[in-house]
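So the structure is just underneath, and the comments pick up after that.
The values are calculated or read from the model by the stated rules, or taken from the named source; none is laboratory data. Just so you know, these numbers come straight off a predicted model, no measurement behind them. All Cβ positions, even for glycine, are placed from backbone atoms using ideal geometry, and neighbour counts span all protein chains on display. For the accessible areas, the whole protein counts, side chains as well, though only heavy atoms, and no ligand, DNA or RNA atoms are used. Shrake-Rupley method; radii C 1.70, N 1.55, O 1.52, S 1.80 Å.
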Amino acid sequence: MGPPVRVVLVDDHEMILAGLQAMLAGFAGRVRVVGQAGTSDEATRLVTGLRPDVVLLDVRLGQESGLDLCRVITTRVPEARVVFLSVYDDEQYVFEALRAGAGGYLLKRVDGSELVRRLEEVTQGETVVDPTLAGRMAVTAARLTRGEFWPGANRGLTQRESEVLSLLVGGLSNKAIASRLVLSEETVKSHLRALYRKLEVTDRSAAIAVALREGLFR
């Protein structure tokens, strides 16, 4: 047996961090928690300094995105494998996590022995996905290749983000989009930030250009 897997925990809830610490303490010979963080900035500094084997990360960190943090970590510390530990059992989150460079996606209901086994597997180069999601992912992937779902689903857009993009292409302002979809303007801005990231653009004009170039809306 080799040295224990060195893990950094990242979650914005102290109770989750404490629970993970307690869970993993029973597997000290196989896993060692070397640090924990509650924000993206704190996690970036910690991971850059400690260079762990695995970063166990939540999809959402308060108002911050764990997906964005994953991209930062895999760029700055490419040898560290990122594994998402989430309550969101939606295969679209898994696809997005893998696109962001993650090595795995597990659900928070995982027990200690399974979690440790998965952490060991990911350090050996495997991609680990919660078994309850793996089958659904295969079905979703097949349907995406057939062009099913909403426009932009193959780029990771949620149905709501697709609706926002459609109205954006139609020339509506944030205020008009909010009114049409019965959302707040702040929620519309949040959807726009997410779809910009997924389309790999930085502004409205570029998002519209991608949507038209790829034939998402006509």
| said: Criterion first (at pLDDT below 85, among the polar types (S, T, N, Q) and open to solvent by 30 Å² or more (accessible area, probe 1.4 Å)) does Q63 satisfy it? | reply: yes
| Of all residues in segment 2-46 being touching a residue at least 40 places away in the same chain (Cβ under 8 Å) and acidic (D, E), the one that is surrounded by the most Cβ atoms within 10 Å (Cβ to Cβ) | D11
| request: Having 3 or more residues that are more than 17 Å from the chain's Cα centre (by Cα) is the bar; report the strands (runs of 3 or more DSSP E) wholly within segment 14-125 that clear it. | output: 31-37
| request: For segment 178-197, indicate whether the set of residues that are more than 26 Å from the chain's Cα centre (by Cα), in a helix (DSSP H, G or I) and more than 25 Å from A97 (Cα to Cα) is non-empty. | output: yes
| task | Specify the residue that is surrounded by the most Cβ atoms within 10 Å (Cβ to Cβ); the eligible residues are those in segment 153-171 that are touching a Lys or Arg at 6+ places or on another chain (Cβ under 9 Å) and within 17 Å of A206 (Cβ to Cβ). | result | L157
| request: Working carefully through the options L106, L50, L98, find the one that is of a type outside the set (V, I, T), surrounded by fewer than 20 Cβ atoms within 10 Å (Cβ to Cβ) and free of Cβ contacts under 8 Å to residues at least 40 places away in the same chain. | output: L98
| field | Subset of segment 198-207 that is assigned to a helix (DSSP H, G or I) and either in contact with a Phe, Trp or Tyr (Cβ under 9 Å, 6 or more places away or on another chain) or open to solvent by 70 Å² or more (accessible area, probe 1.4 Å) (or both) - its residue that is farthest from L172 (Cα to Cα) | value | A206
